[in-house]
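The block underneath contains the structure these notes are about, expressed in structure tokens.
The values are calculated or read from the model by the stated rules, or taken from the named source; none is laboratory data. The structure displayed is predicted, hence computed values, not measured ones. Glycine also receives a Cβ, built like all others from the backbone with ideal geometry; neighbour counts cover every protein chain displayed. In case anyone asks, the SASA skips ligands and DNA or RNA and just uses the protein heavy atoms, side chains included. Shrake-Rupley method; radii C 1.70, N 1.55, O 1.52, S 1.80 Å.
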Amino acid sequence: SLVYQTALTMYFDSPPASPAPPAPPAPPAPPIAYVTPELPGLTIVTAYYSVPSKHSNEEYSGWIRNFMSLQDPVVVFTSPDLAPWIAGLRSHASNSTIVISEALIESPVYKSYPPSFWAEQHRMDPEASNHQSYWPYIIWLSKTDWLSRGASMNPFSTGNFAWLDIGYLRHSSYN
């Protein structure tokens, strides 16, 4: 058909399309925010809040004792009622310990949404029975803020910062 032949002629006889201009170069990757090679050392940032969760306060108490036996510099975010206990567990390393006493309801993450939002998140959670409340979500989502704040403070003039969950060391062999 004439329409088909015209379409073929236009396709094969048309000049090639101009190549697209080259894309601008990608911006350089931002530096890793919490590593400064010229400063040695590592500061560990962590937090503990006594909230209903899948593990009991007694379980956490043992794990916290293991964690607090570390010799590394540590920044700990915790509630005002637990701050003295946490500081006491670091008496062997008081010169390399900062305990930041702050209510969880003061965290930027918690303040970002009304309590009804957090309650709805808990209602939708398929593991809600394990988590027992919405407070673990706030703790999980606050980790990056706490790490950033610890790095910004840099109380021990270290060049590296790492988050380590306070319940990570579950065996007393770490003491």
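Some points to look at:
- Net charge of neighbours whose Cβ lies under 15 Å from the Cβ of SER96, counting Lys and Arg as +1 and Asp and Glu as -1: 0
- Charge sum, other residues only, whose C-beta stays under 13 Å from TYR110's C-beta, Lys/Arg counted +1 and Asp/Glu -1: -2
- PHE117, PHE161, reordered so the largest accessible area comes first (probe 1.4 Å): PHE117, PHE161
- Net charge over other residues, Cβ less than 15 angstrom from the Cβ of SER79 (K, R count +1; D, E count -1): -3
- Projected label points at PHE117 and LEU141, each 7 Å from Cα along the beta carbon direction, are separated by 0.6 nanometres.
- Amide hydrogen proximity for TRP163: with H placed 1.01 Å from N in the peptide plane, the residues at 5 or more positions away or on another chain lying under 5 Å are VAL45.
- Hydrodynamic radius of segment 81-120 per Kirkwood, over alpha carbon pairs, in Å: 12.3
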